[in-house]
Amino acid sequence: GRLDGKLTDIHERTGRKVALIGHSRGAHFAKALANRRPEMVAGAISLGAGLDTPFDISLPTKAAVAAARAAQAPRRKEGCFTERCGCPFSRHYAGPFPGDVPLTSIYSRGDGVVWWEACIVPYATNVEVTGSHVGLAFNRKAYRAVAEALAAMRG
């Protein structure tokens, strides 16, 4: 909800569509926002995120997710933070990506956290770079791909 409000605020203040860039789970939010508010989104860029399968992650990461899920159990709805979740975020994330919103998925075969195959989807421009999962946020090759995607949105 807060991200939706921020997107709306930026869109209304500027009178322009907004480019969304997200790394890992942040890219899941960017995808869901683009699905929910395509009229406000110029394009979305994902760095190291499974775009159709959010839990295609390494075994150590799955263990960390399970621990977080257990710690949050008293405060969350049944199925939340799982593939069975039916909240609005999950519905928008899983919904069809809008055909008029460009999506770029930047991934690395050396990710180590997210299975790189999960980052490749037919409705995105898929760009492979070298590096680690956390390193994607600081990777010059990833930055070049981000710059090219942003330039294409302006075009």
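The values are calculated or read from the model by the stated rules, or taken from the named source; none is laboratory data. All figures in this text were calculated on a predicted structure; none of them were measured in a lab. Here the Cβ positions follow ideal geometry from the backbone for every residue, glycine too, while neighbour counts run over all protein chains shown. To get the accessible areas, we keep the full protein, side chains included, count just its heavy atoms, and leave off ligands, DNA and RNA. Shrake-Rupley method; radii C 1.70, N 1.55, O 1.52, S 1.80 Å.
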Taking GluC sites (Glu not before Pro) in a DSSP loop with at most 14 other Cβ atoms within 10 angstrom as exposed, one finds the longest site-free stretch of the chain at 1-77
With every protein chain left in place, what is the accessible area of LYS141 in Å² (1.4 Å probe, nearest 10)?
90
Express the accessible area of the chain per residue in Å², computed with a 1.4 Å probe while the remaining protein chains stay in the model.
57
Which residues qualify? For SER105, with a placed amide H closer than 5 Å and at least 5 residues away or on another chain, they are SER46, THR125, ASN126, VAL127
Connecting every pair of Cα atoms under 10 Å apart in the chain and solving the GNM, the largest mean-square fluctuation among ALA118, ALA63, ALA30 falls on ALA63
